[in-house]
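Participant: Here it is, the structure in full.
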Amino acid sequence: MTARTRPDADIYLISPSGAVEPDAPVQRAIGHLARAGYVAALDPAALRVRQRFAGSDADRAAAFARAAAQPAPIVMITRGGYGLTRYLPQLDYKALARARKRWVGLSDFTAFQLAMLAKARAVTWAGPALLGDFGPERFEDIDEVTLGTFRDAMSGALEIVGFRYGGPAGVEARGTLWGGNLAMVNALLGTPWFPKVQGGILFLEDVNEHPFRIERMLTQLLHAGVLDRQQAILLGQFSRYRLADNDRGFDLPAVVRWLRAQTRTPVLTGLPFGHEHPKLTLPHGAQVALATEGRTCYLVLQEHDHDHDHHDHER
């Protein structure tokens, strides 16, 4: 494998966090992307392994610079995991923003997306990962909504998404769409890489976290004043947790009810985003409008150019 990227590549694949396991269906997923119309190229360090990580911190930081320099317009993660926060100080966010790539991913990648917003006021894309979304045995098993919204987002055709939601009626808001994985949002609070968004639309998701841990992280954001500063809070998929006998009715709906009683910001559930399917591709850091009609919530993309200013972003 060489560092050279095919000139016709559409997607450049990096592994910024956890190591790709030896039996992971990398080539199958790349083949599925090809069938979907995308030529994908692997970064030369994408399959490295050091402990639980995809190479050393320096290896993974260098992959961002290579991704910015190569010609493919889309940069996608192979998988999430843990490890990006270790080398956030090593990345040149303004240079990465100037490369005008469409950086796509989720989970641990949330740390990079938040840092890009905080340091460069740049739009990235909260969306699919190679293995988790394009690795099924059959191409036909790829979720249609996940693939469809990814295609629309990457082509610039994505203008509006709608989903069935739970929560108060008559909600209207405009602001910066931001957030992602709850654990990563919580982990960056108080650091230089946490964006100070005033009047935004905060979306959150997580996986393998018991409801009491979800509540604890939400409480941290609440007490820090983050939740009350937003126009709306969108809760996505919180999945793959197991309740215990001593929970006695304390579950995720109980957490949501409690949260709604603590903040003046409307809390809406049902956003199709997280570690399950369907998964929307969302412009992290872009200006959007939100409106509810009946039991449907609409997100309208107002702008998602890489060089736009965030007028509701605290200076």
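Participant: Of all DSSP beta bridges in the chain, what percent run antiparallel (nearest 5)?
Facilitator: Looking only at bridges with both residues in the chain, the antiparallel portion is about 50 percent.
Participant: Relative contact order of the stretch 160-303, please, whole-number percent, based on alpha carbon pairs below 8 angstrom and at least 6 residues apart.
Facilitator: 38 percent.
Participant: Continuing with this model, one more query. Which lysines, on any chain, are close to Lys119 with Cα under 21 Å apart, when same-chain ones fewer than 8 places away are left out?
Facilitator: Those lysines meeting the cut-off are Lys94, Lys101, Lys196.
Participant: Next question, about the same structure. Figure the gain on full extension for Thr296 and Arg151 (residue separation times 0.36 nm, minus the Cα-Cα span) and round it to one decimal in nm.
Facilitator: 49.9 nm
Participant: Let me ask something else. Along the Cα→Cβ direction, 7 angstrom out, place labels at Ala24 and Leu243. What is the inter-label distance in nm?
Facilitator: Between Ala24 and Leu243, the label points sit 3.4 nm apart.
Participant: Test of understanding: ordering Phe163, Phe212, Phe238 by Cβ neighbours within 10 Å, fewest first, what list do you get?
Facilitator: Fewest-to-most ranking of Phe163, Phe212, Phe238: Phe212, Phe163, Phe238.
Participant: Same structure, new question: For the stretch 11-155, give the magnitude of the charge dipole about the Cα centre (Cβ charges: +1 Lys/Arg, -1 Asp/Glu; no others), in debye to the nearest 20.
Facilitator: Dipole of the stretch 11-155, to the nearest 20 debye: 720 debye.
Participant: Mind listing the phi-derived Karplus ³J(HN,Hα) values for the stretch 255-269, rounded to whole Hz, using 6.51, -1.76 and 1.60 with θ = phi - 60°, and x for any glycine or proline?
Facilitator: Per-residue couplings from phi come out as 5, 5, 4, 5, 4, 4, 7, 9, 10, 7, 7, x, 10, 10, 10 Hz.
Participant: Then there's this: With a/c under 1.5 counting as rounded, go ahead and sort the stretch 1-85 into rounded, prolate or oblate using the C-alpha gyration tensor (a ≥ b ≥ c being the square roots of the eigenvalues; past the cut-off, prolate if a/b is larger than b/c, else oblate).
Facilitator: Cα axes put the stretch 1-85 in the oblate bin.
Participant: 7 Å from Cα along Cα→Cβ at both Arg213 and Ala36: what's the point-to-point distance in nm?
Facilitator: Label at Arg213, label at Ala36, 2.8 nm between them.
Participant: Spelling out what I want: for every residue of the stretch 121-130, take phi, set θ = phi - 60°, compute 6.51 cos²θ - 1.76 cosθ + 1.60 (Karplus), and round to whole Hz; glycine and proline get x.
Facilitator: Coupling constants for the stretch 121-130: 6, 9, 8, 10, 10, 7, x, x, 10, 3 Hz.
Participant: What does the net charge come to around Arg264 if you take all other residues with beta carbon closer than 12 Å to its beta carbon, with K and R at +1 and D and E at -1?
Facilitator: +1
Participant: Related question: Among Thr191, Thr149, rank each residue by its count of other Cβ atoms within 10 Å, from fewest to most, as a rough exposure measure.
Facilitator: Thr191, Thr149
Participant: Quick query: amide H of Tyr12 versus all other amide H atoms, modeled in the peptide plane; which residues come in under 5 Å with a sequence gap of 5 or more or a different chain?
Facilitator: Ala41, Ile74, Val75, Met76
Participant: If you don't mind, another one. Per-residue ellipticity at 222 nm for the chain, helices alone: DSSP H runs ≥ 4 residues times -39500 (n - 2.57), over residue total, nearest 500 deg cm²/dmol?
Facilitator: When only DSSP H runs of four or more count, the value is -8000 deg cm²/dmol.
Participant: Would you mind classifying the stretch 11-155 by shape? Square roots of the alpha carbon gyration tensor eigenvalues, ordered a ≥ b ≥ c; an a/c under 1.5 is rounded, otherwise it is prolate if a/b is larger than b/c and oblate if not.
Facilitator: Oblate.
Participant: Lys279's amide H: which non-local residues (gap 5+, or another chain) put their own amide H closer than 5 Å, with H modeled 1.01 Å from N in plane and none for Pro or chain starts?
Facilitator: Thr146
Participant: Rank these for me by crowding, Asp245, Asp92, going from fewest to most other beta carbons within 10 Å.
Facilitator: Placing the least packed residue first, the sequence is Asp245, Asp92.
Participant: From the backbone phi of the stretch 25-35, what are the Karplus-calculated ³J(HN,Hα) couplings (6.51 cos²θ - 1.76 cosθ + 1.60, θ = phi - 60°) in whole Hz, Gly and Pro given as x?
Facilitator: Running phi through 6.51 cos²θ - 1.76 cosθ + 1.60 with θ = phi - 60° gives x, 4, 5, 4, 5, 4, x, 5, 4, 4, 5 Hz.
Participant: Let me ask you something else. Can you tell me how much longer the chain between Ala65 and Ala169 gets when fully stretched, taken as 0.36 nm per residue apart minus their C-alpha distance, in nm with one decimal?
Facilitator: Fully extending the segment from Ala65 to Ala169 adds 32.9 nm.
Participant: So what's the gap between the Cα centers of the stretch 21-85 and the stretch 196-265, to the nearest angstrom?
Facilitator: Value for the Cα centre distance between the two parts: 31 Å.
Participant: Could you work out which residue, out of Gly132, Gly249, Gly31, moves most in a Gaussian network model of the chain, that is, has the largest mean-square fluctuation with Cα springs under 10 Å?
Facilitator: Gly249
Participant: Of Phe163, Ala254, Asn208, which is farthest along the charge dipole of the stretch 160-303 in the positive direction, counting Lys and Arg as +1 and Asp and Glu as -1 at C-beta?
Facilitator: Ala254
Participant: On full extension of the chain, what length is gained from Lys94 through Asp8, given 0.36 nm per residue of separation minus the C-alpha to C-alpha distance?
Facilitator: The Lys94-Asp8 span can extend by a further 28.4 nm.
Participant: Let me ask something additional. Give me, ordered by chain and number, the residues 5 or more places off Ala232 or on other chains with an amide H under 5 Å from its own placed amide H.
Facilitator: Residues meeting the criterion, in which the H sits 1.01 Å from N, are Leu202.
Every read-out reported here was derived from the displayed coordinates using simple, explicitly stated rules and does not represent laboratory data. The structure presented is a predicted model; accordingly, all values stated were derived computationally and were not measured. FYI the Cβ positions are ideal-geometry reconstructions off the backbone, even for glycines, and counts take in every protein chain you see.
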